[in-house]
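So the structure is just underneath, and the comments pick up after that.
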Amino acid sequence: MSKAKNAFEIFGFLDKSNCGKCGEKTCLAFAGAVFLGKRKIHGCPNLNRQALDWFSDEPGQSIPPDQNPVDQLEELKSKIVHLDLAQAAERVGGGFSGNKLTLKVLGKDFSVDASGNLTTEIHINPWVAVPFLSYILYGQGLFVSGKWVPFRELREGRDRYPLFQKRCEEQMKKVADVYTQLFDDIVHLFGGKQVDKQFESDISVVLHPLPKVPVMICYWLPEDGLGSSLHIFFDETADRNLDIGSVFSLGAGLAQMFTKIALRHGFDART
Ligand code: SF4
């Protein structure tokens, strides 16, 4: 329960635009859910400084500071030394040989040895290395169900969705709008696969940043005066095969990588 005396006190901090980005129909509905402890205040992406300050001393309401990805990587590496890599390889859909566990990450080999050293055919970026280790250490290794769901339907995804939408979906859409070759690149450079059109999209592509965490990107071309749109879907098991922070990191990392590729070809999607 909130320290606010009632839902109206929380409502007073909201911008009252009823924009719906939090997933509720109105700001008042969102305020009510926060008051009852069903939602976190940072589920609203439009908070001003005053609101953030007011909620910062409430347990569970402040936005957890992002751990530095480099520190996070070192912490995960230190935990790998206690893991049986051969057993873990079976669980997560990888291979084990030469004392190394190897997974296919975006179609390329990515390995870790018993001392936590990483070797890979691609550049070691924290956005992929942290989810890679987290998947091996904590992933349940559930088989992919084939049921696609948006990020907000994953466990703990709802409150992070506004940020996911901004950093991942909106950014990828900007790239797809200006760089029409994007989906060919996803297929050819990252082992992606064009699949039957899903959710009536014009293009649907599936790629595997981790073996049991497929990602589907669906793109709708502009039509009848409506702008284009792009949405990202995950298998419904994604939140048990990987922690939600790492799922977010994969989406944001892919969006950044696509932006850089487009820029290399002379298409600037950063604005
Ligand atoms: S996202 Fe914030 S401003 Fe928009 S409807 Fe929800 S509470 Fe209101």
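The values are calculated or read from the model by the stated rules, or taken from the named source; none is laboratory data. The model shown is predicted, which means the values in this text are computed figures rather than measured ones. Note: ideal-geometry Cβ built from the backbone for every residue, glycine included; neighbour counts use all protein chains shown. The protein model used for the area step is the full one, side chains on, heavy atoms only, and it has no ligands, DNA or RNA in it. Shrake-Rupley method; radii C 1.70, N 1.55, O 1.52, S 1.80 Å.
Summed over the range 126-141, the residues that are open to solvent by 50 Å² or more (accessible area, probe 1.4 Å) and either without any contact (Cβ under 8 Å) to a residue 40 or more places away in the chain or not aromatic (F, W, Y) (or both) give a count of 1.
Applying a threshold of 6 Å to beta carbon distances and a minimum spacing of six or more residues, or different chains, the list of pairs starting in the range 21-36 at a residue that is of a type in the set (S, T, N, Q) and ending at one that is near the ligand (Cβ under 7 Å from one of its atoms) and not in a helix (DSSP H, G or I) reads T26/N18. Of everything listed in (1) modelled with pLDDT of 90 or more; (2) farther than 26 Å from Q256 by Cβ; (3) part of a loop (DSSP other than H, G, I, E, B), the single unmet condition for Q61 is (1).
Kindly provide the set of residues from the range 179-212 that are open to solvent by less than 50 Å² (accessible area, probe 1.4 Å) and among the aromatic types (F, W, Y), ordered by number. Steps first, answer last, please.
Initially, the range 179-212 is screened for residues open to solvent by less than 50 Å² (accessible area, probe 1.4 Å), giving 179, 182-183, 185-187, 190, 192, 195, 201, 203-207, 209-212.
Hits for the range 179-212 are Y179, F183, F190.
Within the set G32, G23, G37, the sole residue that is in a loop (DSSP other than H, G, I, E, B), more than 6 Å from the ligand (Cβ to nearest atom) and buried (at least 16 other Cβ atoms within 10 Å of the Cβ) turns out to be G23.
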